[in-house]
1. Sorting 355, 248 by accessible area (1.4 Å probe), largest first, what list results?
2. What distance in nm separates the two pseudo spin-label positions at residue 160 and residue 136, each 7 Å out from Cα along the beta-carbon direction?
3. Under a Cβ-only charge scheme (Lys and Arg +1, Asp and Glu -1), can you give me the dipole magnitude of the chain about the Cα centre, in debye to the nearest 20?
4. Using Cα centres only, tell me the gap between segment 46-68 and segment 18-40 in whole Å.
5. Rounded to the nearest 10 Å², what accessible area does residue 129 show when all protein chains are kept and the probe is 1.4 Å?
6. With the full set of protein chains in place, find how many percent of the accessible area of segment 190-400 is carbon and sulfur; take the probe as 1.4 Å.
7. With the convex hull built on the Cα atoms of segment 223-356, state its orientation-averaged projected area in nm².
8. How many angstrom lie between the Cα centre of segment 92-119 and the Cα centre of segment 199-254?
Amino acid sequence: MLTGKTIILGVSSSIAAYKACEIVSRLKKLGADVWVVMTESATKLVAPLTFRTLSGNSVITDLFSEELAKLPVPHISLAKKASLMLIAPATANTIAKLVEGKADDPLTTIALAIKGPKLIAPAMNSAMWQNVATAKNIKKLKKLNWQILGPVEGKLACGDEDIGKMMEPAEIVVEVARWLGGSVGLKGRQILVTAGGTREAIDPVRYISNRSSGKMGYAIAIAAREQGAEVTLISAAKLPDPLDIKVVRVETADEMLKAVLKYYDEADVVVMAAAVADYKYQIPNNKLQTIPKSKIKKTKQGLVLSLVPTEDILKTIGKMKGRKDKVIVGFALETDNLIKNAKKKLIDKNLDFIVANQPATFDSDQIKFSIIDKSGKVADYPLQSKDQAARAILDLAACWCCP
Ligand code: CTP
């Protein structure tokens, strides 16, 4: 997706510098030409040779080196070459220098000459991030057209659990791809999506179900197909088959479980957008639990139905998850304590991330949602079309499954 793009990656001296190695290898796998420029202190944390090996290009630590002598004016040549500059990690000192327009090392010199998109992923101790001086500098940096990625909350090098952690490399790469007019993409990936509300029969004419329309799952399946994925859609919804997508029709939670297990192994990404019934009717005196042939007749005594839990499909596949790059995405539909309950489901079901939403979503063409990832980071998304939401969800899934 990034073939033909040149990215200058500035690395300054935060302990997160080792994560810049993952950024380089992800960008390279997407086809980008990556040039790493390091501050002197960053070279004490990660050897330039590591970046040189990963990027296949000379690492810039000195603009007057023999290696760069073949370029006419090294810092200008490199800046002109760049489709985008990313600084990750960016320390408070580097940020301050960018604000002042200083050019006293190769990183800040090249940054000053960049005309294209400029992204920065700060990483530092929470006190340094919250310091008024840094806060002011970040405001100024935004005015200078720098896009600020993160930082996020998490365990910091000093042991504190607080804000200041660099955004995950996978997510940074998604932002880079977006700024270069594309997405990480799912070309050639196998995607398994479930959609709709399952129906649990009571008799030949009645069933227990829920209000899910299946529109969100269908939007995800269609968006994944558009990104070049091979899609299998396991549907309990009453919507027509989308073009070019393998659709497996199911009705009950048990049938959906069976279908998911059949396609699970080959899937790179599983998105459980279906509203699976949590209970099914326990048919009396029917060992095989087949749907009775006769309708339950009305009586004056009323009717008590005995319900038994269905198997939690997501929990089952979450337990099976072996491959590190397989991505499992769940949905959480909550009326109360949206984020708290969704976080609990994320952990209980061993998911990579969960999409938390509320009942207003039912049957609507729009959705307001939050995505919570494994690190506990919560990202809120405003009301938008389900097609737009599907693309955001897949962008994230793509970056997690891109090794
Ligand atoms: N899910 C599942 N199998 C079930 C029930 C739910 O795979 N038997 C999946 C849904 O597809 C969704 C996630 O689990 O991706 C959360 O579903 P949700 O209905 O929000 O929560 P539950 O786990 O059913 O818990 P509760 O109904 O108590 O909120």
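1. Accessible-area ranking of 355, 248, largest first: 248, 355.
2. A separation of 2.0 nm, rounded to one decimal place.
3. Using Cβ point charges on Lys, Arg, Asp and Glu, the chain gives about 880 debye.
4. 11
5. 50
6. Result for segment 190-400: 51 percent of the exposed heavy-atom area is carbon or sulfur.
7. 11.4
8. Computed from Cα coordinates, the inter-centre distance equals 50 Å.
The values are calculated or read from the model by the stated rules, or taken from the named source; none is laboratory data. This structure is a prediction, so every number in the text was calculated from the model and none was measured. Glycine also receives a Cβ, built like all others from the backbone with ideal geometry; neighbour counts cover every protein chain displayed. These area figures cover heavy atoms from the full protein model, side chains too; ligands, DNA and RNA do not enter into them. Shrake-Rupley method; radii C 1.70, N 1.55, O 1.52, S 1.80 Å.
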